[in-house]
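Accompanying notes for the structure given below.
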Amino acid sequence: MTYRSHAGTAPVTGAVLVAVVGPPGAGKSTVVRCLAAEFGLPVFRLREAVRARPELLGGLAPSGDPLGWVGLEAVRRVLRATFLDRGFGVGYSAVLLDNFPGTAEQLALLAEIGEATCARVTLLELDADAPTVMNRIVQRRVCLVCGPDPHTPAVPAADDPLRCRSCQTVLARRDTDRPRLHAGRLARYTANRPEIANCAAERGIPHVVVNADTTMSEVCRAAQRAVSRLIESAESPGSRP
């Protein structure tokens, strides 16, 4: 686990906003689920927030992005409505952001939210090589019946790994795991990742890198240690992660 902290991060009193990023297939959703269960933390997912508040996109041109991403103004509106207007995460030590931000511009918007809410933005990156990513993509399945989000990896039944543990429905491949879509998502992440890291450095955002080439249980344990340290650091403003 590699820690990269940058001078200039001001002491804050709000929650820690833990932005979990990494290549598609690195295990972000699994790690976020483990962290939420371990620490009892709320989770922000941009796609869920957009579906829950479609009125926020009123007046905006439909996104023509081939991977389904919404525009920057839509992201701005959703973040403000979630964290400023509704106070999402108030009373918690941290909030997990699953697979967000995807660009440096989105990270800058999140930093603005952090400043407005006295929250400390942090970046938790899962670093996985191509063989690891492809292996997880091939094995990943979702439940289209009982899962609140069709992107969330399903928990298989103990006696049948091809069925959902909760509803016994046959599990399916995630639509975005189709080869062409996955290749596009991976290429976009690879292109955006350096700019996200540079934005974090310029804004003094702590950037923690976790090796995701090990087993998922090991990755989750490493992420738990990292988040514990980030929360402790925020609670002790004089320290750095």
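Quick one: which of PRO54, PRO24 is under 13 Å from the mean Cα position of the chain (by Cα) and more than 21 Å from ALA119 (Cα to Cα)?
PRO24
Got a sec? Which of ASP98, ASP85 is closer than 23 Å to THR176 by Cα and among the acidic types (Asp, Glu)?
On inspection, the qualifying residue turns out to be ASP98.
Go through the stretch 24-55 and report how many residues are in contact (Cβ under 8 Å) with a residue 24 or more places away in the chain, farther than 25 Å from ARG178 by Cβ, open to solvent by 30 Å² or more (accessible area, probe 1.4 Å) and assigned to a helix (DSSP H, G or I).
Counting residues in the stretch 24-55 that are in contact (Cβ under 8 Å) with a residue 24 or more places away in the chain, farther than 25 Å from ARG178 by Cβ, open to solvent by 30 Å² or more (accessible area, probe 1.4 Å) and assigned to a helix (DSSP H, G or I) gives 3.
Looking at (1) more than 21 Å from GLY40 (Cβ to Cβ); (2) modelled with pLDDT of 95 or more, find the lone condition where GLY238 falls short.
Evaluating GLY238 over (1) more than 21 Å from GLY40 (Cβ to Cβ); (2) modelled with pLDDT of 95 or more leaves (2) as the failure.
Taking the condition modelled with pLDDT of 95 or more and either within 19 Å of the chain's Cα centre (by Cα) or open to solvent by less than 20 Å² (accessible area, probe 1.4 Å) (or both), does LEU67 pass?
no
Please state which one of ASP177, ASP159, ASP213 is at pLDDT below 95 and open to solvent by 20 Å² or more (accessible area, probe 1.4 Å).
Of the residues listed, the single one that is at pLDDT below 95 and open to solvent by 20 Å² or more (accessible area, probe 1.4 Å) is ASP159.
How many of the residues in the stretch 210-221 are assigned to a helix (DSSP H, G or I) and either of a type in the set (Ser, Thr, Tyr) or in contact with a Phe, Trp or Tyr (Cβ under 9 Å, 6 or more places away or on another chain) (or both)?
1
Within the stretch 90-108, which residues are open to solvent by less than 10 Å² (accessible area, probe 1.4 Å) and among the aliphatic types (A, V, I, L, M)?
Passing the criteria: ALA94, VAL95, LEU96, LEU97, LEU107.
For (1) under 18 Å from the mean Cα position of the chain (by Cα); (2) in a loop (DSSP other than H, G, I, E, B); (3) buried (at least 19 other Cβ atoms within 10 Å of the Cβ), each residue gets a yes or a no:
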residue	(1), (2), (3)
ARG136	yes, no, yes
LEU144	no, yes, no
LEU181	no, no, no
GLY184	no, no, no
ARG188	yes, no, no
ARG193	yes, no, no
ALA197	yes, no, yes
GLY204	no, yes, no
VAL208	yes, no, yes
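On the given criteria, is GLU112 part of a helix (DSSP H, G or I), out of contact with any Asp or Glu (no Cβ under 7 Å at 6 or more places or on another chain) and not aromatic (Phe, Trp, Tyr)?
yes
The values are calculated or read from the model by the stated rules, or taken from the named source; none is laboratory data. Note that the coordinates shown come from a computational prediction; the quantities given were computed from them, not determined experimentally. Quick reminder, even Gly has a Cβ in these numbers, built from the backbone with ideal geometry, and neighbours come from all protein chains shown. Just so you know, the surface numbers come from the protein's heavy atoms only, side chains and all, with ligands and any DNA or RNA stripped out. Shrake-Rupley method; radii C 1.70, N 1.55, O 1.52, S 1.80 Å.
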